[in-house]
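One structure is given below, encoded as structure tokens.
The values are calculated or read from the model by the stated rules, or taken from the named source; none is laboratory data. Every value quoted in this text rests on a predicted model; they were computed, and no experiment measured them. Every residue, glycine among them, receives a Cβ derived from its backbone with ideal geometry; neighbour counts consider all protein chains shown.
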């Protein structure tokens, strides 16, 4: 009868993520992950195979957890637009410091050049776009966004903005990455909000004589 594992796969993945916030891809080893998780490197090899195999398992877990992430954000925020802004704030956690963002970009480079890792990255991106499209539809239903707002282009632009704003924040480093992302996101979304349309209508409304 096999002995129960004292450290779960989820705990190992969490330990790996903590180590990844401190070191780049070239420095990441099973020894460091094992030390963080409280298991031996040999035990990790037996359970996962190689470091790459462990990374693939983590990438698959992330790709399959996008729906859960957005569900958690929905539980914290009643407004669909607030959920979209909260998503941007989550992404900004990649850039707690410029050095942290540089490490995350280094891991992204690995994901983009490894076909198996990139496959999980594509799933993550498509799932995220689907969640953004759903939130835009909900925002229209709630009257936050005007009905004629182009949902698919808007979702694509939100995707591009979040990634691009992280890069430009690294250039300018003005304030926090979270504030930087939210300000750019608001600039993108505000022309489609009903509140902005109402403001414009009041400005052009003729004065009574």
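So which residues in region 115-141 are touching a helix residue (DSSP H, G or I) at 6+ places or on another chain (Cβ under 6 Å) and under 15 Å from residue 194 (Cα atoms), if there are any at all?
Selection gives 136, 138, 139.
Enumerate the helices (runs of 4 or more DSSP H) found wholly within region 93-172, keeping only those where 2 or more residues are in the same structural domain as residue 26 (by TED's automatic domain parsing), surrounded by 14 or more Cβ atoms within 10 Å (Cβ to Cβ) and out of contact with any strand residue (DSSP E or B) (no Cβ under 6 Å at 6 or more places or on another chain). Reasoning before the result, please.
Working: elements: 98-113, 115-141, 151-172.
In region 93-172, there are no helices (runs of 4 or more DSSP H) which contain 2 or more residues that are in the same structural domain as residue 26 (by TED's automatic domain parsing), surrounded by 14 or more Cβ atoms within 10 Å (Cβ to Cβ) and out of contact with any strand residue (DSSP E or B) (no Cβ under 6 Å at 6 or more places or on another chain).
Looking at region 172-194, can you tell me whether even one residue there is under 15 Å from residue 87 (Cβ atoms) and at pLDDT below 95?
No, the conditions are met nowhere in region 172-194.
For the list (1) closer than 30 Å to residue 175 by Cβ; (2) in contact (Cβ under 8 Å) with a residue 12 or more places away in the chain, I need the number of the one condition that residue 99 fails.
For residue 99, the failing item is (2).
Got a sec? Which of 7, 23 is more than 21 Å from residue 120 (Cα to Cα) and at pLDDT 95 or above? Spell out the reasoning first.
On the way: 7 fails: at pLDDT 95 or above.
The conditions single out 23.
Somewhere in region 157-171, is a residue at positive phi and either modelled with pLDDT of 95 or more or touching a helix residue (DSSP H, G or I) at 6+ places or on another chain (Cβ under 8 Å) (or both)? Don't jump to the end; show me each part of the working.
Narrowing region 157-171 to residues at positive phi: none.
Within region 157-171, not a single residue is at positive phi and either modelled with pLDDT of 95 or more or touching a helix residue (DSSP H, G or I) at 6+ places or on another chain (Cβ under 8 Å) (or both).
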